[in-house]
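The values are calculated or read from the model by the stated rules, or taken from the named source; none is laboratory data. These figures come from a predicted structure and were not determined experimentally. A quick note on method: Cβ atoms are made from the backbone with ideal geometry, for glycine too, and the neighbour counts reach across all protein chains shown.
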Amino acid sequence: MGSRSVGALGDLVWRGAGLKGVAGLGNYGLRGTRHSVGMAVLDRLAGRLAVADRWRADGRCCGDVAVATAHGVELVLLKPRRLMNLNGLSVASAAKMYNLSPEDIYLVHDDLDKALGKVAIKLGGSARGHNGVRSCISALHSDEMTRLRVGIGRPEGETTVTCYVLGPFSSREQEMLQQVLAQAATCLLEHILRRRAPRGEPGDRG
């Protein structure tokens, strides 16, 4: 695996190279919370691709961007600096900058309907109540983005969903979290590499 700087990406875009965008959804100012687990996955992925020290703030898309190469596939990694329900504005801006179509984009986000430790790929479709995904669908005018859903489970007792998702992982959950992040990064990379066939050729749809 190798890496490239953000500034080197322009030539790749205009040569028509196969690019994939990966956006970790969340609230940038609330890192470490359940709702921002998508950003934690992006950090883990950047570390695996040896670009953890190459994140750069890009005002054009209001987000942190890093570019990496995985087995010949160029990846644009994005962590929006906006609130979750406005993440789509950053994703759409990055898509325009790097000439990415909706089907080239992966959204990584938390999922209340899956227990912590469960990770799944979803190919397009509705937002299923997730405000960050809804924002992306609205801003990109498409629901074709692939989603990596990272389970966080549902709150117990009288804890509201809002307090739960905006809260940090419990000490018990922290024991599992590193394994979950590694599993999510692996699932994401494997799916991207299975789909690297150029458009118009047979490829895996999940």
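Considering only region 156-206, state which residues are of a type in the set (S, T, N, Q), modelled with pLDDT of 95 or more and not in a helix (DSSP H, G or I).
Correct list: 160 only.
Can you confirm whether region 54-67 contains a residue that is touching a Leu at 6+ places or on another chain (Cβ under 9 Å), at pLDDT below 95, in a strand (DSSP E or B) and more than 23 Å from residue 142 (Cβ to Cβ)?
There is no residue in region 54-67 that is touching a Leu at 6+ places or on another chain (Cβ under 9 Å), at pLDDT below 95, in a strand (DSSP E or B) and more than 23 Å from residue 142 (Cβ to Cβ).
Can you find a residue in region 111-118 that is touching a Gly at 6+ places or on another chain (Cβ under 8 Å) and either closer than 14 Å to residue 20 by Cα or assigned to a helix (DSSP H, G or I) (or both)?
First pass over region 111-118, keeping only residues touching a Gly at 6+ places or on another chain (Cβ under 8 Å): 111-118.
When the remaining residues are screened for being either closer than 14 Å to residue 20 by Cα or assigned to a helix (DSSP H, G or I) (or both), the result is none.
No.
With in contact (Cβ under 8 Å) with a residue 12 or more places away in the chain and closer than 23 Å to residue 170 by Cβ as the only criterion, which of 132, 88 stands out?
On the way: 88 fails: closer than 23 Å to residue 170 by Cβ.
From the options 132, 88, the qualifying one is 132.
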